[in-house]
1. Within segment B:226-253, can you find the residues that are of a type in the set (A, V, I, L, M), more than 10 Å from every other protein chain (Cβ to nearest Cβ), within 15 Å of the chain's Cα centre (by Cα) and in a helix (DSSP H, G or I)?
2. Can you give me the ranges of the helices (runs of 4 or more DSSP H) entirely in segment C:146-190 with at least 2 residues that are within 10 Å of chain A (Cβ to nearest Cβ) and at pLDDT below 90?
3. Kindly indicate the residue of segment C:11-49 that is polar (S, T, N, Q) and more than 27 Å from the chain's Cα centre (by Cα) and also nearest to residue C:245 (Cα to Cα) among those meeting that condition.
4. Suppose we filter A:22, A:11 for residues that are assigned by TED's automatic domain parsing to the domain that holds residue A:218 and without any contact (Cβ under 8 Å) to a residue 40 or more places away in the chain; which single one remains?
5. Scanning segment C:138-165 for residues that are within 13 Å of residue C:93 (Cα to Cα) and among the polar types (S, T, N, Q), which turns out surrounded by the fewest Cβ atoms within 10 Å (Cβ to Cβ)?
6. Can you tell me how many residues in segment A:312-357 are more than 26 Å from the chain's Cα centre (by Cα) and hydroxyl-bearing (Ser, Thr, Tyr)?
7. Which one of A:303, A:281, A:289, A:351 is assigned to a strand (DSSP E or B) and more than 29 Å from residue A:237 (Cβ to Cβ)?
Amino acid sequence: MNVRMENITKVFPGRDRKSAGVTAVDNFSLELPDGKLVCLLGPSGCGKSTLLYMICGLETPTEGRIYFGDQDVTDIPSEKRGVGLVFQNYALYPHLTVKQIIKFPLENLKGDEKLSKEEMDKMALEAAKLVQIDGLMDRKPGQMSGGQQQRVAIARAIVKRPKVLLMDEPLSNLDARLRLHTREEIRRIQKETGITTIFVTHDQEEAMSISDLIVVMKDGVLHQMGKPQDVYDDPVNLFVAQFLGTPEINVFEGKVKDEGLYIGEDRVLEVRGVEDKDVFIGIRPEGFIVDDEGKLNCELKGINIMGRDITVLSSNGASKNVIRSIVSAETAIDSGSNKVRFNLKPHKTYIFDKDTEERIRFA
Amino acid sequence: MSKKTLSGVNGVATNISGWLYLLPALLFLIAFMVYPLIDVFIYSFEEGYNSASQTSFGTGGYNYAYILRDPYFLKTVKNTFILVIITVPISTGLALLISLGLNSIRALKRLFQTIFFLPYVTNTLAVGLVFMILFRKTPYTDGLVNMIIGKFGISPVDFIDGPYWAKMLVLSVYVIWIVMPFKILILTSALASVPDVYYQSARIDGTSSWRVFWRITLPMISPMIVYLIITGFIGAFKAYSDAVAIFGVDLNAAGMNTIVGYVYDMLYGDGGGYPSYASAAAIVLFAIVLTITVINLIVSRKATDIT
Amino acid sequence: MKIKKTIIYFLLAVWALIVLFPFYWMVLSSIKSYASYAGEKIPKFFTTSPTLENYRSAFTAVPLARYFSNTLIFTLATTALMVIIIIFAAYAFARIDFKGRNLLFLGFLALMMIPNELVIITNFVTITDLGLRNSFTGLILPSVTSVFYIYLLKENFEQVPDELYYAAKVDGTSDLKYLFKVMVPICRPTIITVIILKVIECWNSYVWPRLITDDPAFYLVSNGIQELRENGLGRDNIPAMMAAVVAVSVPLIILFLIFRKKIMEGVSREGIKG
């Protein structure tokens with residue numbers, strides 16, 4: 001089932017009549033293809049959870065329409081949309097056993113959809129097997145680890161075989177090791193079931209590793225959507241460039257003059273077809289080449305050798321933060337020196353308009 | 001996303017269902033609390049209301065004037081005030097002592113707490129009967145209490161049918177016995193909630209336990225003491241069942257009627273049928289309670305300001 | 001230090017004695033035969049020939065069993081109705097975002113300060129006018145709501161995380177089903193506390209039943225005891241009277257011993273409300 005949003009806006013009313021409302025989602029349009037795992041990615045408060053809740057039907061958009069396939073679901077209540085939702089804190093009913101929790105959505109079916117007890121048991125067991133908790137059916141949530149609770153939450157969400165599976169920061173309550181394992185599990189379950197899955201997270205690494213597509217949001221506005229690697233390699237603006245990637249992209253203030261890119265007095269790159277202006281320059285950590293003849297001059301602050309990579313820490317007057325560059329371990333660097341010089345890889349270097357922060361492309 | 005209710009989902013429907021869920025409670029509260037509250041004021045100003053013919057011949061302060069001149073009413077006011085003045089300080093002080101004792105022991109603490117709470121779950125009327133026979137003096141026997149005080153050389157007194165102060169004494173003893181569980185419970189939990197660190201640091205400073213009590217314990221639990229005094233006043237002003245339990249239904253004959261008893265007597269029973277007088281008396285009682293509560297609050301605020 | 005502890009234990013034991021003595025005395029008197037009781041010019045602290053005869057006369061000379069069943073009906077009906085009503089009301093306040101909710105809740109809180117004595121007069125007139133004197137309906141109706149218990153339960157309902165509600169919505173659960181399948185089971189401890197406190201209150205209620213019933217067929221135990229004392233067994237058959245008193249007191253004491261912790265917690269929360 002593909003999910004389409006057209007011009008969605010959500011305004012939460014202010015606390016009283018005097019204070020203005022909060023616009024959580026602003027004129028948002030998007031089409032998510034069938035059978036894919038899509039991440040809604042953005043810093044906290046960017047409206048991604050609100051968007052998820054609107055897709056789910058727990059919130060109604062102030063304006064705009066939502067379609068599942070050809071069907072307009074905007075005014076259809078949550079339970080009739082065929083969605084499953086996994087909550088950040090699992091939201092398992094504390095007084096029920098795992099089996100009862102998974103069966104709970106099935107027991108709500110009415111009319112033609114009503115299932116016999118045997119069918120319900122069978123479906124519940126299937127869902128439990130899929131998430132590998134079929135051995136814990138008689139436990140209550142309080143007797144299980146966070147990871148197990150998360151699996152129960154997923155089983156409950158998929159037991160009705162929803163058309164769309166929604167996950168609201170499902171990994172953020174797990175410890176680091178479990179998070180890694182569970183995200184692979186989610187990937188596996190999604191692949192096995194083929195359910196269109198929308199996954200909300202603020203963790204870009206999580207998003208990059210798990211999803212077919214990522215949607216980067218900020219302040220209720222869509223910034224960029226695409227395959228993780230494409231978005232990483234080709235960000236449309238400074239925010240997206242900064243938000244994706246660890247270590248974070250290095251940002252310099254600089255300018256373009258005579259089709260040359262300047263950081264301080266150093267003409268670091270030729271940028272054809274760009275008019276003269278002040279710009280921000282973003283350089284990925286892996287975009288640096290250490291070179292004694294390099295065009296960018298920096299003060300060397302330190303070297304961290306981490307197995308196959310070396311992280312070079314340096315500073316430059318045009319950058320507020322320490323510059324992190326990652327180079328191959330074979331690179332020879334004179335750690336005794338207090339200078340280091342770099343050349344830049346053009347495809348790892350992005351320039352952004354200083355006012356709009358939009359990407360400026362160069363040849 | 002945490003504390004937002006689902007306003008948008010179906011606005012009108014939630015409005016309706018909200019009121020629908022409340023409807024039963026609302027109906028009962030309006031019928032049996034809000035309407036009566038308004039009505040009692042109206043009654044109290046309707047002169048000569050007759051509950052049989054449901055007529056009155058005018059409005060004004062006559063009912064108030066009547067009850068304020070009624071010697072029975074004035075007697076109940078006197079009785080009630082005396083009862084309040086005796087029972088509130090004694091019960092609160094005693095409860096504080098007992099709670100301090102409870103708080104300083106380990107062994108048997110729970111047993112004592114359980115025993116001390118028992119009067120709370122007893123039927124006031126039933127246990128009142130027991131008090132009555134303990135204190136009563138009949139032609140056949142002087143009763144247990146008289147037997148005990150006789151050992152101290154005091155001649156037997158009829159506490160139930162005898163002199164006024166003897167009767168007041170029994171009533172006070174019973175009222176105190178009845179209200180103690182609540183006060184002990186509240187004060188023990190208040191005492192238990194004083195953080196240990198204060199006591200530990202006081203011990204390190206070598207503070208005497210007397211000083212610890214006055215400078216640490218008492219200020220820390222003073223809000224609860226104030227609360228108990230205020231509710232104690234309110235409760236004692238509304239005393240009635242306790243008196244009935246000891247002296248029987250005809251409290252006027254026993255000379256031990258309370259304000260609430262006067263209200264009910266005016267409403268029902270041999271002298272009943274005067275809801276107007278009953279209303280006026282109830283409002284006078286409410287005014288007294290309100291005044292005392294406000295005075296209490298002001299005094300306690302002043303007192304806490306000083307410490 | 002040792003002496004201080006001893007004094008404390010001694011004084012606590014004295015108070016325990018004062019509390020327990022009336023209970024001891026009523027049990028003791030109830031098992032003394034009438035003849036031996038009446039013959040005691042000086043009361044004795046024990047009896048050598050205990051008898052259950054008084055219990056028989058307490059239940060035969062006055063319709064004590066009738067009073068018991070009346071009280072039981074009154075207590076169960078009032079408590080059951082009240083629990084349902086307050087669950088709905090607390091749910092509306094805790095979970096449903098309807099227009100005027102906060103204002104209305106403020107109004108409810110204000111009602112907590114209204115003393116019963118002020119409204120009982122009109123209620124007496126209302127019930128009388130409705131011809132409901134000497135009926136269970138008249139006895140029950142005015143006490144099937146409690147603002148304080150609504151408040152208590154609302155606070156508890158609000159602690160149930162919102163996500164459970166959202167999850168139930170996605171699962172297709174109706175509000176009503178969510179309330180009874182999720183909220184109520186989760187908040188069961190509070191509801192049980194409320195039930196026990198209400199049962200105690202009903203069992204001991206005296207004033208309202210006294211006003212509204214004059215037909216012994218509708219007397220509750222409190223009124224029964226009072227009636228017994230005024231006219232029933234005569235002032236002199238104290239042992240039989242004490243047997244009745246024991247019978248009336250025992251159910252609540254058993255309830256208390258079973259739910260000791262819950263009751264004491266509930267009452268101390270009632271204390272915190274001020």
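The values are calculated or read from the model by the stated rules, or taken from the named source; none is laboratory data. Just so you know, these numbers come straight off a predicted model, no measurement behind them. All Cβ positions, even for glycine, are placed from backbone atoms using ideal geometry, and neighbour counts span all protein chains on display.
1. B:229, B:236, B:243
2. Hits in segment C:146-190: C:162-170.
3. C:33
4. Of the residues listed, the single one that is assigned by TED's automatic domain parsing to the domain that holds residue A:218 and without any contact (Cβ under 8 Å) to a residue 40 or more places away in the chain is A:22.
5. For segment C:138-165, the residue satisfying everything is C:159.
6. 7
7. Residue meeting the stated conditions: A:303.
Listed here are the residues, each with its yes/no results for (1) modelled with pLDDT of 90 or more; (2) loosely packed, with under 15 Cβ neighbours inside 10 Å; (3) closer than 15 Å to residue A:252 by Cα.
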{"residue": "A:282", "(1), (2), (3)": "yes, no, yes"}
{"residue": "A:287", "(1), (2), (3)": "yes, no, yes"}
{"residue": "A:292", "(1), (2), (3)": "no, yes, no"}
{"residue": "A:320", "(1), (2), (3)": "yes, yes, yes"}
{"residue": "A:325", "(1), (2), (3)": "yes, no, yes"}
{"residue": "A:328", "(1), (2), (3)": "no, yes, no"}
{"residue": "A:338", "(1), (2), (3)": "no, yes, no"}
{"residue": "A:342", "(1), (2), (3)": "yes, no, yes"}
